[in-house]
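Below is one structure, written out as structure tokens, with a few remarks after it.
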Amino acid sequence: YPLTSIPDYYGIDALLTEEHKLIRQSIRDWVESFVMPQIDHAAQNHTDLPGLMKELGKIGALGPYIPVEYGGSGLDQISYGLIMQELERGDSAVRSAASVQSSLVMFPINEYGSEEQKRKYLPKLASGEMIGSFGLTEPNHGSDPSSMETNFKDMGDHYLLNGAKMWITNSPLCDIAVVWAKNEEGKVQGLVVERGMEGFTTPETHNKWSLRASKTGELVFNDVKVPKENLLPGVTGLKGPLSCLNSARYGISWGVIGAAIDCYCTAVQYSKERKQFGKPIGSYQLQQKKLAEFLTEITKAQLLCLQLGNLKNAHKASPAQISMAKRNNVKMAIDIARESRQILGGMGIMGEFPMMRHAANLESVITYEGTHDVHLLITGLDITGINAF
Ligand code: TGC
Ligand code: FAD
């Protein structure tokens, strides 16, 4: 479809700066040239896109809001959102790579790391020379990370780390992992674990039907000696990892709009070209209803994200506001992916069209970074003050 058909039904572009639009255009161009030609092959074959992280570094998609002195671009939150939107129009795996590196690895090092840690890791993470992963979820503790079992002991000149993390994006590729573990007092703290440390392994999780162009795996710690200087000194407690999730969930709220746009634009074009009973299928009311609802939902999601971005720029976005946007927008996108696939009939199941790939990817997105139901309970708690977990 022509890129000029990407919807801006409420003239939201008028609320963006010229810089926002230039950033969006440059990421859009890169997605067209780098991601689109190879993404179906990668997803079908369950391989990652070669050199993806360095490419993301080159286009400034890693840590866009991290200060320039540490290798970031010092951009605002709306720029970050627009970058995520364009990346996920290509594929959720591409957005995931940028989300984890930016919000879950660079963010905690920038917020809670020592000056030495920032200088050691951030520039290499920003360029994509180094790949990071984020270990919070465990085999027995997903939605309830406060019950985590991974722990470390103070051995005098180093920490001894034991435990395991599961479902970790990019674990098989990572050079470093930001790992959340309990200290001897049972308080959660973050440690930077480096590949090559004895007792640290990263087995891959095979046979996923979702995010097939992204590597997922475990982080296993068997008496790993972690140098004391690798502890993130600036935070203790679950608010450490959860504050990273605020940033990643915000990015996902924007990202999934991109996946929805890709499905919507494909469906509009197909419905005008495909004829049945002598007329384009887009001339039938049932198909128009679907298209009209897609555009309405995309427009609402765009407005939600733009205002959330304004709040985030002003440091006023609450975690519950972010949960609402993540939950609403991911559901919006997965519904559009599924319904738009039907508009293409049998063609909708083919790799030449993006719907099945986006729909399958979004099954992960609706689960990770807090499930759909967990975000509903966060909103319920915000309304009533009563914890229903
Ligand atoms: P609770 O008692 O509510 O809170 C414990 C402490 O944390 C603070 N807090 C937050 N701080 C910052 N941001 C937030 N969003 C926060 N939510 C809570 C809270 O104030 C408290 O602080 P303090 O100082 O009083 O101790 O926690 P709980 O144990 O009842 O659990 C509830 C909670 C929030 C953990 C749960 O609702 C939740 O969010 N579960 C979902 C877990 C999750 O999202 N995991 C994601 C793993 S990472 C991932 O999926 C990456 S995929 C990336 C990709 O590939 O793109
Ligand atoms: P569970 O917590 O076991 O939940 C199962 C079901 O129970 C869900 O429907 C949930 O909503 C429901 N449920 C749970 N508690 C309640 C309750 N109190 N009330 C009602 N219903 C409830 N994690 C990381 O740390 N780092 C990563 O990089 C990462 N990447 C991921 C990549 C992929 C592809 C996937 C699929 C997951 C990834 N995750 C990662 C893990 C992800 O965050 C978890 O899968 C998610 O938080 C849910 O945990 P769980 O799978 O253990 O499900």
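Values quoted throughout were computed directly from the atomic coordinates according to the rules given, and no laboratory measurement underlies them. Small disclaimer: the values here were computed from a predicted structure and weren't measured. Glycine also receives a Cβ, built like all others from the backbone with ideal geometry; neighbour counts cover every protein chain displayed.
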Of the cross-linked pairs K58/K225; K289/K316; K124/K228; K118/K312, which ones have a Cα-Cα span greater than 30 Å in the structure shown? K58/K225; K289/K316
List the GluC sites (Glu not before Pro) within region 344-389 that fall in a DSSP loop (any state other than H, G, I, E or B) and whose Cβ has at most 10 other Cβ atoms within 10 Å. E352
For H41, H358, order by how many other beta-carbon atoms lie within 10 Å, fewest first: H41, H358
Taking a temperature of 37 °C and a viscosity of 0.692 mPa s, what whole-number D in µm²/s does Stokes-Einstein yield for region 321-389 with Rh from Kirkwood over alpha carbon pairs? 249 µm²/s
Net charge near S283: determine it from the other residues with C-beta under 10 Å of the C-beta of S283, scoring Lys and Arg +1 and Asp and Glu -1. +3
Residue by residue through region 216-222, which ³J(HN,Hα) values in whole Hz follow from phi under the Karplus form 6.51 cos²θ - 1.76 cosθ + 1.60 (θ = phi - 60°), with glycine and proline marked x? 10, x, 10, 10, 10, 10, 10
For a test of the definition: using alpha carbon positions, the gyration tensor, and the 1.5 limit on a/c, classify region 1-115 as rounded, prolate or oblate. oblate
Given the C-alpha centroids of region 157-202 and region 311-339, what is the distance between them in whole angstrom? 29 Å
Please report how far the C-alpha centroid of region 208-267 lies from that of region 9-47, rounded to the nearest whole angstrom. 20 Å
List the trypsin sites (Lys or Arg not before Pro) within region 303-389 that fall in a DSSP loop (any state other than H, G, I, E or B) and whose Cβ has at most 15 other Cβ atoms within 10 Å. K316
Placed amide H near I131: partners under 5 Å, 5+ positions off or other chain: D175, I176
Among H206, P354, V220, flag the residue with its Cα farthest along the positive direction of the charge dipole of the chain, charges on Cβ as +1 for Lys/Arg and -1 for Asp/Glu. P354
With a Förster distance of 35 angstrom and the Cβ-Cβ distance between T371 and Q269, calculated FRET efficiency to the nearest 0.05 equals 0.55
Cβ under 10 Å from S210's Cβ, S210 left aside: what net charge do those residues give with Lys, Arg +1 and Asp, Glu -1? +2
How much net charge surrounds L295 when only other residues with a Cβ under 15 Å from its Cβ are counted (Lys, Arg +1; Asp, Glu -1)? -2
So how far apart, in nm, are the two label points at M155 and H141 if each is 7 Å from Cα heading toward Cβ? 2.2 nm
Report the chymotrypsin sites (Phe, Trp or Tyr not before Pro) located in region 198-279 that are in a DSSP loop and have at most 16 other Cβ atoms inside 10 Å of their Cβ, or state none. W209, F277
